[in-house]
Amino acid sequence: MRMFKGTLVAGLLSLLAATPVLAAELEISDARLRMLPGDRPGAGYFKLYNAGDEPAAVVGAETNAYASVELHMSMEKDGMAMMHGVERFEVPPGETREFAPQGYHLMFMKPQQSLNVGDEVEVRLILEGDERVETTFEVVSPAAL
């Protein structure tokens with residue numbers, strides 16, 4: 001039994017060593033949460049740099065400040081502004097992608113607490129493979145973007 005446990009532990013350690021630590025290879029900057037009055041959704045914008053050797057994919061986000069967070073994309077079709085949910089957002093290795101107005105963004109749904117301009121909100125981006133990377137979003141007014 002002792003030999004089995006040793007083999008099991010060695011196997012688990014080698015598996016962990018072979019798993020890339022992708023979250024440590026992502027750099028998030030300029031994270032802003034555009035807050036709208038009342039119970040209206042907020043929008044999250046930021047830059048995401050992938051310093052790793054493999055593509056990284058954001059598949060969701062979470063925070064205690066809102067009931068849910070969704071990945072969205074704004075677009076124009078037939079002269080009409082539209083927005084729809086997306087399931088993933090990929091960042092190739094060595095590249096920067098931006099979540100920005102009129103493009104990809106996070107939608108913060110149903111505020112769970114009162115927020116003011118200048119507040120900070122902790123957000124965890126969920127990566128493919130169920131890894132998470134934490135960052136802080138600064139709450140800004142709609143006029144700031």
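The values are calculated or read from the model by the stated rules, or taken from the named source; none is laboratory data. Not measured: the values here are computed from a predicted model. Positions of Cβ are backbone-derived with ideal geometry, glycine not excepted, and every protein chain shown enters the neighbour counts.
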For Gly52, the lone unmet condition from (1) part of a strand (DSSP E or B); (2) modelled with pLDDT of 90 or more is (1)
Those residues of segment 104-145 which are assigned to a loop (DSSP other than H, G, I, E, B), touching a residue at least 12 places away in the same chain (Cβ under 8 Å) and among the polar types (S, T, N, Q), in sequence order: Gln112, Gln113, Asn116, Ser141
Within segment 39-71, restricting attention to residues that are of a type in the set (D, E, K, R) and touching a Lys or Arg at 6+ places or on another chain (Cβ under 8 Å), which residue is surrounded by the fewest Cβ atoms within 10 Å (Cβ to Cβ)? Asp39
Those residues of segment 25-35 which are within 15 Å of Phe137 (Cα to Cα) and not in a strand (DSSP E or B), in sequence order: Met35
Unique match (being within 15 Å of Ala31 (Cβ to Cβ), among the small types (Gly, Ala, Ser) and in contact (Cβ under 8 Å) with a residue 24 or more places away in the chain) among Ala61, Ala56, Ala67: Ala61
Index of the failed condition, Val91 passing every other in (1) more than 14 Å from Phe137 (Cβ to Cβ); (2) in contact with an Asp or Glu (Cβ under 9 Å, 6 or more places away or on another chain): (2)
For residues in segment 72-100 being outside any loop (DSSP other than H, G, I, E, B) and basic (Lys, Arg), which is surrounded by the most Cβ atoms within 10 Å (Cβ to Cβ)? Arg97
